[in-house]
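The values are calculated or read from the model by the stated rules, or taken from the named source; none is laboratory data. Predicted, not measured: the structure shown is a model, and the values here were computed from it. No Cβ is skipped: glycine too gets one built from the backbone with ideal geometry, and neighbour counts run over all protein chains shown. Ligands, DNA and RNA are excluded from the accessible area calculation, which covers all protein heavy atoms including side chains. Shrake-Rupley method; radii C 1.70, N 1.55, O 1.52, S 1.80 Å.
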Amino acid sequence: MSSFELTVWGARGSISAPAAANKHYGSDTSCIELRCGGRTIFLDAGTGIVAAGRRLYEAKVADFDILLTHCHFDHIMGLPFLIPLYKDHVSARIFAGHLLDGTTCREMVNDFMCAPYFPVSPKQFAADIDYRDFRPPDVLDLGDGIAAKTFRLNHPNGAVGYRVEYDGRALCYITDTEHEVGTIDAALVEFIAGAEVMIYDSTYTDEEFERYVGFGHSTWQQGVRLCKAAGVKQLLLFHHDISRTDGWLEDIEAKVEAEFAGARAARTGMTIAI
Ligand SMILES: [Zn+2]
Ligand SMILES: [Zn+2]
């Protein structure tokens with residue numbers, strides 16, 4: 001069986017939250033690294049991708065893909081600081097499919113890395129970068145037997161969920177999405193069905209959710225309901241609210257484990273074999 005594993009480089013949502021009280025679960029924003037055989041694929045480019053990029057550079061990895069869920073800052077903020085993008089021997093592909101107004105992935109990156117907000121433009125990237133646009137439910141053929149299925153999520157300004165399939169196994173990355181209280185999205189259940197792991201937007205709890213309707217996020221309890229309905233084996237709570245200290249997340253983790261044996265809260269540095 002080919003190796004298929006994930007590393008969490010950032011599990012925080014909205015903005016990074018550096019504090020001693022957040023040390024265990026980490027402070028960096030959304031970034032997951034997948035290694036499929038010899039291939040490297042990033043899910044989102046939040047602040048967590050900065051440390052990941054240093055590791056890639058040291059390991060002399062010169063080819064990778066980045067699949068963006070959307071371009072809210074917490075999911076792209078690390079991109080301008082991704083060292084391999086400034087190296088001319090590197091090839092990378094950046095995918096975006098959330099944009100609703102016809103903006104392309106290349107235009108989005110240009111618009112984000114520009115004066116007076118940022119001093120370096122993407123023109124200064126020395127790597128060979130292929131910006132790719134798609135529309136959910138397109139299936140992205142990433143080569144070497146890796147496919148990424150895509151699913152439109154319910155989030156302000158749009159977002160895309162991914163199901164990455166490799167060597168007979170699947171990992172789903174469903175973050176920045178709001179559920180409708182009391183319902184289970186049948187199309188989402190079908191999309192995640194039978195996956196080994198689902199990483200899920202667990203910004204809130206059911207108990208507090210009423211206050212946050214319309215914010216575009218979900219709850220860990222909805223993640224459990226989806227996993228149970230879809231036969232997903234492992235659940236990783238993700239996109240932790242910046243107010244969630246280690247103690248708070250430990251409490252949530254104990255509660256979720258009691259309800260679903262395959263559940264954990266994502267933390268920076270965690271690696272899981274899929
Ligand atoms: Zn977010
Ligand atoms: Zn967002």
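So Pro156 fits all but one of (1) crowded, with 19+ Cβ neighbours inside 10 Å; (2) modelled with pLDDT of 95 or more; what number is the exception?
So the condition that Pro156 fails would be (1).
Scan segment 161-181 and tell me whether some residue there is within 16 Å of ligand 1 (Cβ to nearest atom), part of a loop (DSSP other than H, G, I, E, B) and among the β-branched types (Val, Ile, Thr). First the steps, then the outcome.
Within segment 161-181, the first condition is being within 16 Å of ligand 1 (Cβ to nearest atom), and the residues that meet it are 161-162, 173-179.
Narrowing further to those that are part of a loop (DSSP other than H, G, I, E, B): 175-179.
Still in the running and among the β-branched types (Val, Ile, Thr): 175, 177.
Yes: one or more hits.
If you go through segment 28-44 one residue at a time, how many are surrounded by fewer than 24 Cβ atoms within 10 Å (Cβ to Cβ), farther than 18 Å from Tyr86 by Cβ and in contact with a helix residue (DSSP H, G or I) (Cβ under 9 Å, 6 or more places away or on another chain)?
1
Given the conditions (1) free of Cβ contacts under 8 Å to residues at least 60 places away in the same chain; (2) under 24 Å from Glu33 (Cβ atoms); (3) within 16 Å of ligand 1 (Cβ to nearest atom), which single one is not true for Lys233?
That leaves (3) as the condition not met.
Any residue in segment 123-139 that's farther than 24 Å from His89 by Cα: show its pairings with residues that are open to solvent by 20 Å² or more (accessible area, probe 1.4 Å) and among the small types (Gly, Ala, Ser) at Cβ separation under 9 Å, as long as the two are six or more apart or on different chains.
Taking only residues 6 or more apart or on different chains, the pairs are Val139/Ala147.
Among the candidates Thr150, Thr175, Thr205, single out the residue that is β-branched (Val, Ile, Thr) and either within 16 Å of ligand 2 (Cβ to nearest atom) or under 16 Å from Gly262 (Cβ atoms) (or both). Working first, answer last.
Working: Thr150 fails: either within 16 Å of ligand 2 (Cβ to nearest atom) or under 16 Å from Gly262 (Cβ atoms) (or both); Thr205 fails: either within 16 Å of ligand 2 (Cβ to nearest atom) or under 16 Å from Gly262 (Cβ atoms) (or both).
Exactly one of Thr150, Thr175, Thr205 is β-branched (Val, Ile, Thr) and either within 16 Å of ligand 2 (Cβ to nearest atom) or under 16 Å from Gly262 (Cβ atoms) (or both), namely Thr175.
Considering Tyr57, Tyr25, Tyr86, which residue is of a type outside the set (Val, Ile, Thr) and touching a Pro at 6+ places or on another chain (Cβ under 8 Å)? Walk me through how you get there before you give the answer.
Working: Tyr25 fails: touching a Pro at 6+ places or on another chain (Cβ under 8 Å); Tyr86 fails: touching a Pro at 6+ places or on another chain (Cβ under 8 Å).
Going through Tyr57, Tyr25, Tyr86 in turn, just one is of a type outside the set (Val, Ile, Thr) and touching a Pro at 6+ places or on another chain (Cβ under 8 Å): Tyr57.
How about segment 53-66: which of its residues are among the acidic types (Asp, Glu) and open to solvent by 30 Å² or more (accessible area, probe 1.4 Å)? Can you show your working first?
Taking segment 53-66 first, the residues among the acidic types (Asp, Glu) are 58, 63, 65.
Scanning segment 53-66 gives Glu58, Asp63.
Of these, Thr47, Thr69, which one is open to solvent by less than 10 Å² (accessible area, probe 1.4 Å) and within 16 Å of ligand 2 (Cβ to nearest atom)? Full working, then the answer.
Values: Thr47 fails: open to solvent by less than 10 Å² (accessible area, probe 1.4 Å).
None of the others qualify; the one that does is Thr69.
Can you tell me which condition Phe238 does not meet? The list is (1) away from ligand 2 (no atom under 16 Å from the Cβ); (2) on the phi < 0 side of the Ramachandran plot, and all the others hold.
Phe238 satisfies all of (1) away from ligand 2 (no atom under 16 Å from the Cβ); (2) on the phi < 0 side of the Ramachandran plot except (1).
Looking at (1) within 16 Å of ligand 2 (Cβ to nearest atom); (2) modelled with pLDDT of 95 or more; (3) open to solvent by 80 Å² or more (accessible area, probe 1.4 Å), which one does Pro119 not meet, given that it meets all the others?
Going through the list (1) within 16 Å of ligand 2 (Cβ to nearest atom); (2) modelled with pLDDT of 95 or more; (3) open to solvent by 80 Å² or more (accessible area, probe 1.4 Å), Pro119 breaks only (1).
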